[in-house]
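Structure record follows, encoded as structure tokens.
The values are calculated or read from the model by the stated rules, or taken from the named source; none is laboratory data. What you are looking at is a predicted structure, and each value in this text was computed from that prediction instead of being measured. In this analysis, Cβ positions are derived from the backbone assuming ideal geometry, glycine residues included, and neighbour counts consider all displayed protein chains.
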Ligand SMILES: Cc1cc2nc3c(=O)[nH]c(=O)nc-3n(C[C@H](O)[C@H](O)[C@H](O)COP(=O)(O)OP(=O)(O)OC[C@H]3O[C@@H](n4cnc5c(N)ncnc54)[C@H](O)[C@@H]3O)c2cc1C
């Protein structure tokens, strides 16, 4: 009998899972309940696409490994995506302005474009270079037993149908019904953890004003140590000469959906730079809000999961989006699936469990990065910091201070934040010594602007805090 994989969800995790599977299966069907546009444009079931979406180098590299011929990254750049070195962006952290260094290494390059462009480019690459098929249908439940999943019940054009599958991948996003579906098969007790700072994101697109065409990615971070709601902002240069600006506030400090309040919120951040920049820019649309921001993980790898089912992407875990990790975790999960397929047959006992375990590594790393900050904001739901959390936080704060003036420490820290190194790396002896020694100099008092950037900022108003 021919071997078939069914992937639930045709977004980022689903398309990449399909790319991982097509060489090993006779047939790969992606089920998607939304209509998929044939150009980069918003779609109903991905409302988060209205907000800043940065692709980390770990995600870029995983996509490259999964689709070596399709050149997804090259196509993104050709469509206007920008690359930004993490150590040459404008970043105001809790400890001050991060320095900027001209050294450019591939492993610290972020990819900046709209989520619509990224999704469409990826989908076009998968459907154009592989035999993967998308079917417009909604997955209703899993077929099989607590020992083995054997397919999916789907609703398509008003009719229910049972689709047999040797492997089912649930990539249906944060609204995944996997726990409920598994419960119906008799699989319960999936460990879950949640840390919710009540973050709300508000985003708006602007036309880049003349003179600011090369302005870099700019980020004003929240300070979790102040016992006040955390407010932050990110300005991302995207294709077609636009800035996508996402402002965010934790419980008690949320941004408003009113367009007239947007710039004021940005001006009221810990530094007014983003507010000044957008006060000179033409808005290109309305303000969009998102409250889908809590950290939540489901440890499927620790449960007695049936054979034949793997869960990937946001269906496993979601993170505070400020850290820009979700898409890369989804890509690394698909990479784990692909690597396991190179070693074991999809029908081999334990195959799904091994994939789930391998995928959990990047989930854990991202979750640690994200929750270690969020747990400090007021009225956070889900976790109170322990004594060891306090010690780690003091250490990381000191390291962030050192990173403002040391390229070596900044780059090492970025490798962890971008999921290219395990968080335990931050305790490596070299970094430990540099952190304990403290910063050699004070961080720069104002944003480290180039001559051209400075000239533009001066033309739009004072920067005094
Ligand atoms: C405000 C915000 C900003 C973010 N910024 C970043 C960022 O900067 N960088 C980053 O890496 N990540 C970011 N993220 C996270 C990112 O959006 C997600 O991690 C990513 O979309 C996960 O992809 P996914 O394929 O798992 O899920 P999704 O993209 O949510 O896709 C799920 C798909 O499954 C389909 N589906 C659902 N149920 C069914 C069903 N029963 N049958 C058939 N189809 C179904 C849906 O229609 C959808 O197409 C952000 C998130 C938010 C909310």
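How many of the residues in the range 196-214 are more than 15 Å from the ligand (Cβ to nearest atom) and in contact with a helix residue (DSSP H, G or I) (Cβ under 6 Å, 6 or more places away or on another chain)? Full working, then the answer.
If we filter the range 196-214 for residues that are more than 15 Å from the ligand (Cβ to nearest atom), which is where we start, we get 206-214.
Cutting the leftovers down to in contact with a helix residue (DSSP H, G or I) (Cβ under 6 Å, 6 or more places away or on another chain) gives us 206, 211-212.
Looking only at that region, the number is 3.
Being on the phi > 0 side of the Ramachandran plot and free of Cβ contacts under 8 Å to residues at least 40 places away in the same chain is the filter; apply it to the range 130-160 and report the residue that is surrounded by the most Cβ atoms within 10 Å (Cβ to Cβ).
My answer is 157.
Scan 127, 122, 163 and give me the residue that is without any contact (Cβ under 8 Å) to a residue 40 or more places away in the chain and either closer than 17 Å to residue 28 by Cα or not assigned by TED's automatic domain parsing to the domain that holds residue 259 (or both).
On the way: 122 fails: without any contact (Cβ under 8 Å) to a residue 40 or more places away in the chain; 163 fails: without any contact (Cβ under 8 Å) to a residue 40 or more places away in the chain.
It is 127.
Return only the number of the condition from (1) more than 10 Å from the ligand (Cβ to nearest atom); (2) outside the structural domain of residue 280 (by TED's automatic domain parsing); (3) exposed (fewer than 15 other Cβ atoms within 10 Å of the Cβ) that residue 175 does not satisfy.
Result: residue 175 passes all but (1).
Looking at the range 83-100 only, could you name the residues that are in contact (Cβ under 8 Å) with a residue 60 or more places away in the chain and touching a strand residue (DSSP E or B) at 6+ places or on another chain (Cβ under 8 Å)?
84, 86, 89, 90, 91, 92, 97, 98, 100
Here is a list: 60, 43, 100, 50. Which entry is farther than 25 Å from residue 200 by Cβ and in the same structural domain as residue 332 (by TED's automatic domain parsing)? So that I can check it myself, show each step before the final result.
Values: 43 fails: farther than 25 Å from residue 200 by Cβ; 100 fails: in the same structural domain as residue 332 (by TED's automatic domain parsing); 50 fails: farther than 25 Å from residue 200 by Cβ.
Step by step, each of 60, 43, 100, 50 is checked, and only 60 is farther than 25 Å from residue 200 by Cβ and in the same structural domain as residue 332 (by TED's automatic domain parsing).
Considering 282, 260, which residue is at pLDDT 95 or above, surrounded by fewer than 17 Cβ atoms within 10 Å (Cβ to Cβ), more than 14 Å from the ligand (Cβ to nearest atom) and closer than 24 Å to residue 208 by Cβ?
282
Spot the failing condition for residue 375; the list is (1) crowded, with 18+ Cβ neighbours inside 10 Å; (2) more than 25 Å from residue 254 (Cβ to Cβ), and only one is missed.
(2)
Does any residue of the range 130-147 turn out to be within 15 Å of the ligand (Cβ to nearest atom), within 22 Å of the chain's Cα centre (by Cα) and assigned by TED's automatic domain parsing to the domain that holds residue 51?
For the range 130-147, residues within 15 Å of the ligand (Cβ to nearest atom), within 22 Å of the chain's Cα centre (by Cα) and assigned by TED's automatic domain parsing to the domain that holds residue 51: absent.
Being within 14 Å of the ligand (Cβ to nearest atom), part of a loop (DSSP other than H, G, I, E, B) and surrounded by fewer than 21 Cβ atoms within 10 Å (Cβ to Cβ): is that true of residue 292 here?
yes
Can you tell me which residue among 410, 454, 459 is part of a helix (DSSP H, G or I), over 25 Å from residue 253 (Cβ atoms) and free of Cβ contacts under 8 Å to residues at least 12 places away in the same chain?
454
Which of the following residues is away from the ligand (no atom under 14 Å from the Cβ), over 12 Å from residue 17 (Cα atoms) and assigned to a loop (DSSP other than H, G, I, E, B): 360, 348, 352?
348
Please verify whether the range 266-286 includes one or more residues that are in contact with a helix residue (DSSP H, G or I) (Cβ under 8 Å, 6 or more places away or on another chain) and part of a strand (DSSP E or B).
yes
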